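One structure below.
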Amino acid sequence: MSGQREPVGVIGVGWVGLVTAVCFAELGHEVVARDILAEKVEALSGGETTIHEPGLEEMLRRNAERITFTTDMSVLLERARLLFVCVDTPPTYSGDADLSRVRAVVEELPADSEHVLIMKSTVPAGTGDSIRRDRPGLPYVSCPEFLKEGTAVTDFMHPDRVVIGADAGDDRAAEAVAGLYEPLGGEILRTDVSSAEMIKLASNAFLATKISFINEIANVCEEVGADVGQVAAGMGLDQRIGASFLRAGIGYGGSCFPKDVKALKMLAGNTGYHFQLLNAVIEVNELQKRRVVGKLEKHLGSLLGKRIALLGLAFKPDTDDMREASSLVLAARLQGEGAEVVGYDPVAAGRAAELLDSVEMADSALDALEGADAAVLVTEWREFAELDWSEVAARMARPLVVDGRNFLDPAQLVGAGFEYEGIGTSQDVPAPATTD
Ligand SMILES: NC(=O)c1ccc[n+]([C@@H]2O[C@H](COP(=O)([O-])OP(=O)(O)OC[C@H]3O[C@@H](n4cnc5c(N)ncnc54)[C@H](O)[C@@H]3O)[C@@H](O)[C@H]2O)c1
């Protein structure tokens, strides 16, 4: 089966690159994946995934024979014509996207390259144009990635849409990329390169705007005695609005939204346009995490010397990614108030420990909660909903929960003896009726 399919090259084997490599192998392609980190290449060559992503390790092992991991660019260039660039584009101090890794990849391509450069990394609109100016004749296709960590494999295999941006002269390259995605069945949208780049940034900025919008609604709900869960449910039934990304909480994090929203704001600013709305989106998100401190103080008074347990440290469940996780800001704010912070995460504890060196890491949720004056639910891992909250109440110094994701069942917690604080509701939670 693999014999007829065109080999695929992947450059940069992180969250996007590894999922891309493994999924194309699953579709029957021979894949050559190159990273500059030797230890990563070694682990992957041994069938061990370097990230926590549901379903990925099994898929990697199933397709191990079709994937070659290497640090050697020449192996990749020799064996694959279609090259997906999946290197990181982190923010610089100025807030713009750092394109140095993308440039390094372009520089490694030979001058007379017959390869097709397919940009999956998220880059500012105009990046493709500038690469094409520097490297005339190099076929260039923008193919932004829309997967979500935690459901990355499913998202890749069942895309809502695949955007393929190519300019005049690159039609054949664009068709080759479209051909790779056809078996997946999602809608394939052909655009020019700049529009494809802009679709990615605009999509992330819009989703972040939805989150900040519902968080502001939540904050008003707290003032006027409404419940944001009910409000979001009522809004989401309107098909023009849609129900997704209307979940109030302590804000967005991760490797994409914070950087991409900032990068779009800066991209606009660099052209002289002031993107006012995104300023508000960013500021609301920053302040939202900090509101947890006020909620704790409402119950505990000064946090000096209080022991606060953070449940969940990853930026979202089903990933061990700690980039821009809300837990980082929260831990620092709580420690700034003199609190003693203990954290627990089912999979991100290792990565978290490197970033939160003054936070005590617990081996289990119960260990973290033992003797704590309050718990803050930061990441909605399923296991937290399944805790025996009556036992937790007995173990804590004070049974107080701030549910930063509106994830737990307030009635169950109140029934177990907790003081419960969610996001976006000022209503007192009634204790469940008892039968005796
Ligand atoms: N993580 C996501 O959920 C997601 C979703 C959509 C788009 N994106 C975008 O995709 C890109 C990659 O994101 P990620 O989260 O996978 O990043 P990552 O940091 O997890 O992975 C990037 C990889 O590229 C490697 N690398 C850097 N320079 C290299 C080079 N010259 N040659 C080969 N490898 C090199 C790094 O060692 C690393 O393994 C970013 O632009 C990001 O914005 C990410």
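Here are some notes:
- Based on the Kirkwood approach, the hydrodynamic radius assigned to the chain is 23.4 Å, with every pair of different Cα atoms included.
- Choice from Ala263, Ala43, Ala33 showing the highest fluctuation, given a GNM over the chain with Cα pairs closer than 10 Å: Ala43
- Point-to-point label distance, Ala111-Arg135, nm (Cα→Cβ direction, 7 Å offset): 1.5 nm
- Over the chain, relative contact order from alpha-carbon pairs under 8 Å, at least 6 apart, %: 12 percent
- Between Leu27, Gly12, Ala43, the Cα set farthest toward the positive side of the dipole of the range 9-56 (charges on each charged residue's Cβ, about the Cα centre) is that of Gly12.
- Solvent-accessible ranking of Lys148, Lys120, largest area first, probe 1.4 Å: Lys148, Lys120
- Taking the range 1-131 and dividing mean pair separation by its residue count, relative contact order in percent (alpha carbons under 8 Å, at least six apart): 27 percent
- Cα gyration tensor category, rounded, prolate or oblate, for the range 165-299 with a/c compared to 1.5: prolate
- Using alpha-carbon coordinates, inclination of helix 193-224 to the longest axis of the chain, degrees: 10 degrees
- Note on the range 122-251: with charges restricted to the Cβ of Lys and Arg (+1) and Asp and Glu (-1), its dipole about the Cα centre is near 140 debye.
- Pair-distance distribution of the range 123-176: all C-alpha pairs, bin width 5 Å, starting at 0; shares per bin in whole percent are 4, 18, 22, 20, 15, 12, 7, 1.
- Rough spin-label spacing in nm, given labels placed 7 Å along Cα→Cβ, for Glu286 and Leu237: 3.8 nm
- Estimated vicinal HN-Hα couplings, Hz - the range 250-264 in sequence order (Karplus 6.51, -1.76, 1.60; Gly, Pro = x): 9, x, 8, x, x, 7, 10, 4, x, 6, 6, 5, 5, 5, 5
- Tyr181 contributes an accessible area of around 10 Å² to the protein surface, as traced by a 1.4 Å probe with all chains present.
- Pairwise Cα separations in the range 319-436 fall into 10 Å bins from 0 onward with the following percentages, short to long: 13, 45, 33, 8, 1, 0.
- From its DSSP helices (H runs of at least four residues, each -39,500 (n - 2.57)), the chain gives a residue-normalised ellipticity at 222 nm of -13000 deg cm²/dmol.
- The fraction of accessible area contributed by carbon and sulfur in the chain is 51 percent, rounded to a whole number (1.4 Å probe; ligands and nucleic acids excluded).
- Three-way shape label, the range 39-137, alpha-carbon gyration tensor, a/c 1.5: oblate
- The range 1-47 - accessible surface per residue (Å², probe 1.4 Å): 35 Å²
- Among Met73, Met235, Met119, residue whose mean-square fluctuation peaks in a GNM of the chain (springs only between Cα atoms under 10 Å): Met235
- A crude spin-label estimate for the pair Ala38 and Glu78, with each label 7 Å from Cα along the Cβ direction, gives 1.9 nm.
- Fluctuation leader among Ile214, Ile67, Ile188 - the chain, Gaussian network, Cα springs under 10 angstrom: Ile188
- Rolling a 1.4 Å probe over the protein heavy atoms gives the range 293-369 an accessible area of 39 Å² per residue.
- The residues of the range 189-289 expose, per residue, 48 Å² of accessible area to a 1.4 Å probe.
The values are calculated or read from the model by the stated rules, or taken from the named source; none is laboratory data. Computed from a prediction, not measured in an experiment: that's the story for all the values here. Cβ coordinates were reconstructed from backbone atoms using ideal geometry, including for glycine residues, and neighbour counts include every protein chain displayed. Note: areas computed on protein heavy atoms with side chains; ligands, DNA, RNA excluded. Shrake-Rupley method; radii C 1.70, N 1.55, O 1.52, S 1.80 Å.
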